[in-house]
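The structure appears right after this line, and notes come after that.
Bear in mind these aren't lab numbers, they're just calculated from the coordinates by the rules spelled out. These numbers come from a predicted model, not from an experiment. Here Cβ is always computed from backbone atoms with ideal geometry, including for glycine, and neighbour counts include all displayed protein chains.
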Amino acid sequence: MDSILLDTSFCIRLLKSNDDLHQNAKDYFKYFMEKKIEIFLSSIVVAEYSVKDDPANLPLDFVKIIPFDFFDGKTAGEFHSILLHNKEQIANIERNVIKDDCKLMAQLFNRNIHGYITKDHKSFSQIIAPIQASKNFTIELIDLVIPLKDFKGELF
């Protein structure tokens, strides 16, 4: 993996020192930096993060901000359409979450970003997997709940 897109849930935990997943987020961010993994932050994540905190607090010096453009919009619409063909699978997910996740998946797809880190592991099977299967692309999904040492397969 040479590139990663940060989800809003990751950004929140990275900057919220009293969160249970704060240390995991810090460890992953440090790992991405050490391994020279290109770190991307979507303008969509900036908008979501801005609801509860000033986005200037995000580690902007270490990430590449990617705008949501016309081509991302077109792809996100295609991805949402794929999910609508299997409505029962997404029935218990809030509509705004589906739309925003489709937008982020479009950015991953259009920019060939190899990884995605989020706390919302439910989206892996309900949103991301059907899109990947339909469009025949893969990304490395990282569940923020899993500590970095476990992700890397280390014993200590």
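For residues in the range 43-63 being loosely packed, with under 13 Cβ neighbours inside 10 Å and either in contact with a strand residue (DSSP E or B) (Cβ under 6 Å, 6 or more places away or on another chain) or in contact (Cβ under 8 Å) with a residue 24 or more places away in the chain (or both), which is nearest to I139 (Cα to Cα)?
F62
Output the residue which, of all residues in the range 1-29 that are out of contact with any strand residue (DSSP E or B) (no Cβ under 7 Å at 6 or more places or on another chain) and polar (S, T, N, Q), is nearest to Y116 (Cα to Cα).
Quick first cut of the range 1-29, residues out of contact with any strand residue (DSSP E or B) (no Cβ under 7 Å at 6 or more places or on another chain) only: 8, 11-27, 29.
Going one step further and asking which of them are polar (S, T, N, Q), we end up with 8, 17-18, 23-24.
Numbers: T8: 11, S17: 22, N18: 23, Q23: 18, N24: 15 Å.
The extreme case among them is T8.
Within the range 128-156, take every residue that is under 12 Å from the mean Cα position of the chain (by Cα) and hydrophobic (A, V, I, L, M, F, W, C) and give me the one that is nearest to D19 (Cα to Cα).
By that ranking, first place goes to L144.
Check L21, L6, L14 and return the single one that is in contact (Cβ under 8 Å) with a residue 40 or more places away in the chain and over 15 Å from the mean Cα position of the chain (by Cα).
On the way: L6 fails: over 15 Å from the mean Cα position of the chain (by Cα); L14 fails: over 15 Å from the mean Cα position of the chain (by Cα).
Result of the check over L21, L6, L14: L21.
Yes/no matrix, rows are residues, columns are (1) surrounded by fewer than 14 Cβ atoms within 10 Å (Cβ to Cβ); (2) over 20 Å from N24 (Cα atoms); (3) out of contact with any Gly (no Cβ under 6 Å at 6 or more places or on another chain); (4) not hydroxyl-bearing (S, T, Y):
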position	(1), (2), (3), (4)
L41	no, no, yes, yes
F71	yes, yes, yes, yes
I113	no, yes, yes, yes
K119	no, no, yes, yes
K135	no, yes, yes, yes
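Every residue in the range 8-30 that is of a type in the set (D, E, K, R) and either surrounded by fewer than 21 Cβ atoms within 10 Å (Cβ to Cβ) or out of contact with any Asp or Glu (no Cβ under 7 Å at 6 or more places or on another chain) (or both), please.
First, pick out the residues of the range 8-30 that are of a type in the set (D, E, K, R): 13, 16, 19-20, 26-27, 30.
If the condition is that a residue be of a type in the set (D, E, K, R) and either surrounded by fewer than 21 Cβ atoms within 10 Å (Cβ to Cβ) or out of contact with any Asp or Glu (no Cβ under 7 Å at 6 or more places or on another chain) (or both), then K16, D19, D20, K26, D27, K30 are the ones that fit.
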